[in-house]
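Visitor: Okay, here's the structure, questions in a sec.
The values are calculated or read from the model by the stated rules, or taken from the named source; none is laboratory data. A quick note: this is a predicted structure, and the numbers were derived from the prediction, not measured. Positions of Cβ are generated from backbone atoms using ideal geometry, with glycine treated the same way; all protein chains shown enter the neighbour counts. Side chains are part of the model used for accessible areas, which takes the heavy atoms of the whole protein and leaves out ligands, DNA and RNA. Shrake-Rupley method; radii C 1.70, N 1.55, O 1.52, S 1.80 Å.
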Amino acid sequence: MTEHVESLTRVDSQTLREHAPVFLTTEEHMRLLRARAGDPRALREIYNEYHAQVRSHLFRLLGPDCEIDDLTQIVFARAFNALRGFQGNASVGTWLYRITANTTHNLIRQRFRRDRVKVALRWFNQSQDVRRVATNPTEARDEVHRILAQIRPDLREVFVLYHYEGLTLQEISEVLDKPVSTIGDRLTRARKHIRDLVAASV
Amino acid sequence: MAQDELSARPRYGCQECQEDAELVMSQRATAQVTTLHADHLRRCVHCRNMQRLLGDVYQGPGHPSLPAGNREDREFHAVLRRMHHEREQPWQSRWTLRAGVGALAVSAAVLALTVARSLHPELHLGQTAENSTPVDIAEDAPAHVDDVPPESDIGDDTRFRHAAQAYGRVLGGSANVFPAGGAFPTNSNTFSVGTELQLDNGQTVQVGVIGRIVANFAPGSDVVWESASPSLVELRVERGMTAFRYDRESTDPVLQVRTPTALVRVVGTVFTVEVDEDHDTLVSVLRGQVDVIDLETNRTMAEVESGYRYDVAKATFDDVGKLEVQAALPLSVEVDGSADPLVVPAERIPISWNVPGLPTDPESRTLANVPTRPGSPTYVIAPIRVEGAKGSPSEPPSVPPEPEDTRAVEDEGDDLIDELMRDAAATHRKELKAALEQCRDLYESNETRYRAAKCFSDILAKYHDHPAASEAWALLGILRMDFALDYVAAEVALQNYLQRSPNGRLAEIAMYRMWLASVEDGRISQALQRGREYLGRYPNGRFVGKVIQRFPELKSEI
């Protein structure tokens, strides 16, 4: 491994530039090669650069959850194991979004089904309540998580990626492996659903 | 008039307001819609509340708290462990599947055999065994072993990035250095993993490990270097007080200090570990934070922050005292990138160190002003001069004075002017010689050696181009390398020396040190090149053994 990493450092930078994937800079490509060769420093650099992104995305997708630490580790472990298969056809960030989406796909669907009855009960109780207005940031944040949790998982994924993570429709279609038209449709439906939920909440 | 205006405006109720809410928030609505929307919000409390909540949803739930320091490090190592575990999973599942299939086949074979024997009692067991399924399974069994994926290099904790980096060096002072498995101390100043350093009561020593960690061992200490890998460097303190400075970068290995009763895990900090006569462990942190881990349960006993001293046996916290500060003071060189790290006022305690009771005024941050903890022992680490004792650096810490400059003055002017110039030059040389002598005094003692850098810097500022001052470049380079771990600055200083005195007395040391700087900084390709250059120029040099020790492939260069 050491020899391989060493040999990588001797690769001509011109050659690297010529062969670097479009979405990666020469430095990122170099780091990717080192990570593939098993250089722990390169793995640590990738982790350092992207762990805030992955954790924040999970937090926005799942809400405050005790499993976020565990899921962050799973995402990076899967990413590091899949480094050999990563061809650089997308940025590392987008690729990690894809792994995060695949990792959380079943989990958020299971939870959505499990919580559906609870949500229905909550809706019923809220309809009996007087008007509720979020008065402080903590309450507002809880309210936001509550509303997000009520959206269907496929719509929630698109909404979070578009509005919170700032990805374009094209990028989201790559992350979720769906046509752009499907993503656009899901986004519109997510917005409408949120509007209805908010209208019902106040 | 007012009635006409109202009737001319389109109807804009709650339904329209809610439908336009997102357009207005994303600033995609027309000016007219924005005005109507704002007008409606002023009038309608319900829509105002909805708009506020919708704004919160579109703004997002914010950011979670991110792990930092030790937590971040722990998470990364958990990722590596999980990565290995997940990689092993397919092999296990395949093995389980094959074992299951094998068991089914065996069961089927036994069943078939039983049925066959009941139908054909004359059939012997030996005949059956030759052609039956169990034989096939047995032949197939080794295939399972072949299918085991090769051990991955990723996150391998047993190897360093390059073997040449897994060495330590005695920077100053003396100690009894016992190599791994050796019964007798060696004279080498370079040591590898497994080495034990024993200090008598009159000895102190400073060591550098893997080019990243600087440690100061107090008299009476006994320390063993246990392991070095890309993720972990571990030392074991059997007794005595040891101070560490580790300006760790995120990709550098974690430092662990093991004592008889605890494990101190460090991400990057300045701290001391003391094992007293009762084998009790005392951990004091001057900068950063360390985790103290129970050896038996492997759980964190305490997270010791800067300014605190933790007693493992009593599980109590106390303020850091004078003794700990004194032990760590030789490591007080700070590398913050903002200024020349070595040109620091003598015996000042860095501002980044958290010492309770010490003023923040830099002028007052001296050892004398550190409050003494009540009941603390009074033993003082006395400065000890290096006198070529066992384990002392093989490079001479004391450098004999440079011979006086013998260049002839080539002026053909008046004799008087010549004489005056010679007098002035002689005076200049005497001043320089005296200044160098003073700096060498500081350089010779391992307790004051780190302060010699300022002295040499002053000389170079005043006698920058004087040939006799070139020695200061070499010594300054060595100091930058040993104490500031600033390898780039060290190389510049050493190159300055080699340019001025390519055949000087310290040329060999300078070349060796440049090679060493490449190794310790992890630039292995450059280190190989410099190693070749050194061996080419000094095939019988003093440091040939050290170069070959780390790069055996260079033997052919001799």
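Visitor: Could you tell me which of rounded, prolate or oblate describes the range A:50-104, using a ≥ b ≥ c as the square roots of the eigenvalues of the alpha-carbon gyration tensor, with rounded for a/c under 1.5 and, failing that, prolate when a/b is larger than b/c and oblate otherwise?
Guide: Prolate, because a/c is 1.5 or more and a/b exceeds b/c.
Visitor: Hey, another quick one. Just to verify a number: what accessible area does B:Arg81 come out at with the full protein assembly present, 1.4 Å probe, Å² rounded to tens?
Guide: Near enough 150 Å² of accessible area.
Visitor: Counting only protein chains, not ligands or nucleic acids, how are B:Ser174, B:Ser192 ordered by accessible area (probe 1.4 Å), most first?
Guide: So the residues, ranked largest to smallest area, are B:Ser192, B:Ser174.
Visitor: For B:Phe184 and B:Lys433 in one chain, what is 0.36 nm times their gap in residues minus the Cα-Cα distance, to one decimal in nm?
Guide: 85.6 nm
Visitor: Determine the distance separating the Cα centre of the range B:459-521 from the Cα centre of the range B:207-234; give it in Å without decimals.
Guide: Distance between centres, Cα-based: 25 Å.
Visitor: Then there is this: Rounded, prolate or oblate: which fits the range B:429-502, taking a ≥ b ≥ c as square roots of the Cα gyration tensor eigenvalues, rounded meaning a/c under 1.5, else prolate when a/b beats b/c?
Guide: oblate
Visitor: Oh, and also: Could you tally the net charge around B:Arg248, taking each other residue with its Cβ under 11 Å from the Cβ of B:Arg248, Lys/Arg +1 and Asp/Glu -1?
Guide: -2
Visitor: Report the calculated FRET efficiency for B:His464 and B:Arg523 (r = Cβ-Cβ distance, R0 = 25 Å), to the nearest 0.05.
Guide: 0.30
Visitor: For B:Ala424 and B:Gln499, what does the FRET efficiency come to when R0 = 30 Å and r is the distance between their Cβ atoms, rounded to the nearest 0.05?
Guide: Using R0 = 30 Å, I get an efficiency of 0.70.
Visitor: Here is a further query. Scattering from the C-alpha atoms of the range B:417-558 alone, worked out with Debye: what is log10 I(q)/I(0) at q = 0.09, 0.12, 0.15 1/Å?
Guide: -0.32, -0.54, -0.77
Visitor: While we're here: Figure the gain on full extension for B:Glu249 and B:Tyr538 (residue separation times 0.36 nm, minus the Cα-Cα span) and round it to one decimal in nm.
Guide: Difference between extended and current length: 100.5 nm.
Visitor: Leaving ligands, DNA and RNA out of it, work out the accessible area of B:Asp441 with a 1.4 Å probe and give it in Å² to the nearest 10.
Guide: 70
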